[in-house]
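Shown next, in structure tokens, is the structure this report addresses.
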Amino acid sequence: MNRQRHEHEEELLGPYVLGVLDAEDVRRVEEHVGGCLRCREEVAALREMEAALGEVPAEAFLDGPPVGGDLLLQRTLRRVRGEAAAARRRRWGLAGLAAAASLAAVFWTGARVGGGGEPVAAPPPDPSPAVTAAPSPPPAGTRVASATDPGTGARMTVKVTPAAKWVRVHAAVTGVPPGERCRLVVVSRDGKRSTAGSWVVGGQAQAGGQGGAAGGEAKGAALDGSAWVDPADVREVLVENESGRTFVSVPVPAAV
Amino acid sequence: MAGPLWPRTRRGATDEALIRSVYEEHGHALLAYATRLTGDRATAEDVVQETLIRAWRHAEVLVNGKGSVRGWLLTVARNIITDRYRAKAARPQEVSGAAAAPPVEVDHADSVVDTMTVLGALDQLSPEHRDVLKELYYRQLSVAEAADSLGIPAGTVKSRSHYALKALREVFRQNGGAGKGRRHRSGRPPQQPAGLREVVA
């Protein structure tokens with residue numbers, strides 16, 4: 001075999017296994033490989049490399065931050081702050097929740113089960129000055145926090161808006177099993193618990209709206225509530241069921 | 001390439017800087033990948049947030065090369081999605097209702113390592129070799145389009161892609177030794193930086 005020709009054909013083996021050669025080149029390669037044991041082995045080895053490339057998703061080559069991901073970053077940063085703060089509190093031994101029953105549910109402004117096409121996990125409006133897209137600045141002292149309970153898988157993003165000696169609470173809750181009768185509870189710094197509202201977690205009947213959600217967990221809910229807790233005293237917001245099992249608890253950072 | 005070395009103590013500004021740097025460097029890849037697998041941007045954002053949190057908790061993996069770190073992150077994201085699907089499938093009342101196919105292959109134990117391994121290996125190629133594979137394989141450009149994009153003749157695209165694949169094989173060969181003890185296809189010995197695998201699994 002002509003050595004130069006062999007080398008030329010050999011250089012086509014890579015693009016051949018990558019499937020990018022035109023018909024004429026493919027014919028040439030196959031003709032050559034048919035009579036060249038070394039090239040047949042080379043093709044087999046290169047095919048393994050081609051298969052290896054297949055283990056990597058094409059998205060792996062996208063660089064930089066995601067488009068429109070500011071809220072995602074802010075939520076993540078808040079959660080990190082919240083977890084760091086929670087870790088500090090645990091160290092101080094203040095984690096125990098007072099068992100006092102909630103005293104009142106006030107101004108339940110309508111729990112709506114997030115249905116339709118609305119993404120249930122959408123975070124509440126962002127108070128951070130870093131997010132310029134917010135149409136109007138939220139009231140001073142508004143806090144947003146988010147947490148996922150590793151045990152139950154439930155997740156909540158909550159926004160606490162201060163009023164005069166009480167707070168409005170907006171929460172997006174996902175990952176609680178369908179049918180659970182849940183309370184949204186505001187815990188103050190002295191351990192007092194105030195129910196800000198209650199709802200029943202939607203079942204699968206409505207789950208169709210959550211298009212393609214691979215999480216596939218129970219219906220999420222977007223909730224508005226309120227509680228007579230002094231804004232400065234809010235320590236955490238949690239979701240529990242009627243028997244007192246806590247699904248997720250979100251530490252609320254101190255107002256800045 | 002490699003991320004900076006982060007102190008193990010996680011406090012305040014360091015935490016945020018770490019999250020930010022991972023987000024700035026890998027966020028686009030992660031969100032695009034998660035969005036494709038879940039088919040839902042909101043769910044994907046949740047997955048990415050969870051992935052970033054895990055990276056923060058396992059900051060020690062971030063000292064590895066960029067490709068390996070990205071492979072780790074993509075793998076973590078995929079595992080989160082797979083596990084959520086499993087959690088759903090485990091609830092009987094939902095199995096009957098939603099006959100959704102798993103968004104990703106269910107057995108991720110082996111391919112997990114491979115994503116990191118291959119990305120780590122690609123990282124060790126010359127930029128020319130990496131780029132030609134990126135254009136032809138991942139962007140699925142034709143030879144002519146890749147020639148245009150890379151600014152080299154079509155013939156060079158072809159031969160370069162050949163040598164790129166050979167170089168990749170050489171990287172596997174050097175890094176992996178004989179690849180003993182793992183169920184790997186021949187010629188694809190495992191190679192992943194220390195500490196990555198345990199965390200993913």
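Which number in (1) surrounded by fewer than 19 Cβ atoms within 10 Å (Cβ to Cβ); (2) modelled with pLDDT of 90 or more; (3) farther than 23 Å from B:Val69 by Cβ marks the one condition that B:Lys158 misses?
(1)
Do you know which residues across the range A:36-57 are at the interface with chain B (Cβ under 9 Å from one of its Cβ atoms), of a type in the set (Asp, Glu) and more than 35 Å from the chain's Cα centre (by Cα)?
Result: A:Glu42, A:Glu48.
Residues of the range B:20-52 being among the polar types (S, T, N, Q) and more than 7 Å from chain A (Cβ to nearest Cβ), which ones? Quick ask: steps written out before the conclusion?
Initially, the range B:20-52 is screened for residues among the polar types (S, T, N, Q), giving B:21, B:35, B:38, B:43, B:49, B:51.
Within the range B:20-52, B:Ser21, B:Thr35, B:Thr51 qualify.
Scanning the range A:58-77 for residues that are in contact (Cβ under 8 Å) with a residue 12 or more places away in the chain and open to solvent by 30 Å² or more (accessible area, probe 1.4 Å), which turns out farthest from the other protein chains (Cβ to nearest Cβ)?
A:Asp70
If the requirement is being within 16 Å of B:Lys166 (Cβ to Cβ), open to solvent by 20 Å² or more (accessible area, probe 1.4 Å) and in contact with a Ser or Thr (Cβ under 7 Å, 6 or more places away or on another chain), which of these qualifies: A:Glu11, A:Glu55? Walk me through it before giving the result.
Working: A:Glu55 fails: within 16 Å of B:Lys166 (Cβ to Cβ).
Matching residue, one of A:Glu11, A:Glu55: A:Glu11.
Does B:Val143 satisfy the condition of being modelled with pLDDT under 95 and not acidic (Asp, Glu)? Give the derivation first.
Numbers: modelled with pLDDT under 95: no; not acidic (Asp, Glu): yes.
No: the conditions fail for B:Val143.
I'm checking my understanding of the structure. Among residues of the range B:141-152 that are within 13 Å of chain A (Cβ to nearest Cβ) and not in a helix (DSSP H, G or I), which one is nearest to the chain's Cα centre (by Cα)?
Top of the filtered list is B:Leu141.
Of all residues in the range A:159-195, how many are assigned to a strand (DSSP E or B) and either of a type in the set (Asp, Glu) or more than 12 Å from chain B (Cβ to nearest Cβ) (or both)?
The initial filter retains those residues of the range A:159-195 that are assigned to a strand (DSSP E or B), namely A:159-162, A:167-174, A:181-188, A:193-195.
Filter once more, keeping what is either of a type in the set (Asp, Glu) or more than 12 Å from chain B (Cβ to nearest Cβ) (or both): A:159-162, A:167-171, A:173, A:181-188, A:193-195.
Counting residues in the range A:159-195 that are assigned to a strand (DSSP E or B) and either of a type in the set (Asp, Glu) or more than 12 Å from chain B (Cβ to nearest Cβ) (or both) gives 21.
Considering only the range B:121-130, I want to know if a residue exists there that is touching a Lys or Arg at 6+ places or on another chain (Cβ under 6 Å), part of a helix (DSSP H, G or I) and within 9 Å of chain A (Cβ to nearest Cβ).
Scanning the range B:121-130, I find at least one residue that is touching a Lys or Arg at 6+ places or on another chain (Cβ under 6 Å), part of a helix (DSSP H, G or I) and within 9 Å of chain A (Cβ to nearest Cβ), so the answer is yes.
Can you say whether B:Lys88 is part of a helix (DSSP H, G or I) and modelled with pLDDT under 90, as far as the supplied structure shows? Talk me through it step by step, then tell me what you get.
Details: part of a helix (DSSP H, G or I): yes; modelled with pLDDT under 90: yes.
In short, yes.
Condition check ((1) more than 30 Å from B:Ala44 (Cα to Cα); (2) in the same structural domain as A:Ser226 (by TED's automatic domain parsing); (3) open to solvent by less than 50 Å² (accessible area, probe 1.4 Å); (4) modelled with pLDDT of 90 or more) across all residues:
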| residue | (1), (2), (3), (4) |
| --- | --- |
| A:Glu24 | yes, no, no, yes |
| A:Val29 | yes, no, yes, yes |
| A:Leu37 | yes, no, no, yes |
| A:Gly82 | no, yes, yes, no |
| A:Ala105 | yes, yes, no, no |
| A:Ala111 | no, yes, yes, no |
| A:Gly117 | no, yes, no, no |
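Which pairs have Cβ atoms under 9 Å, sit 6 or more apart or on different chains, and link a residue in the range A:138-158 that is in a strand (DSSP E or B) to one that is surrounded by 22 or more Cβ atoms within 10 Å (Cβ to Cβ) and of a type in the set (Phe, Trp, Tyr)?
A:Met156/A:Phe247
The values are calculated or read from the model by the stated rules, or taken from the named source; none is laboratory data. Because the structure is a prediction, the values reported are computed rather than measured. Positions of Cβ are generated from backbone atoms using ideal geometry, with glycine treated the same way; all protein chains shown enter the neighbour counts. All accessible areas refer to the heavy atoms of the entire protein, side chains included, with ligands and DNA or RNA removed. Shrake-Rupley method; radii C 1.70, N 1.55, O 1.52, S 1.80 Å.
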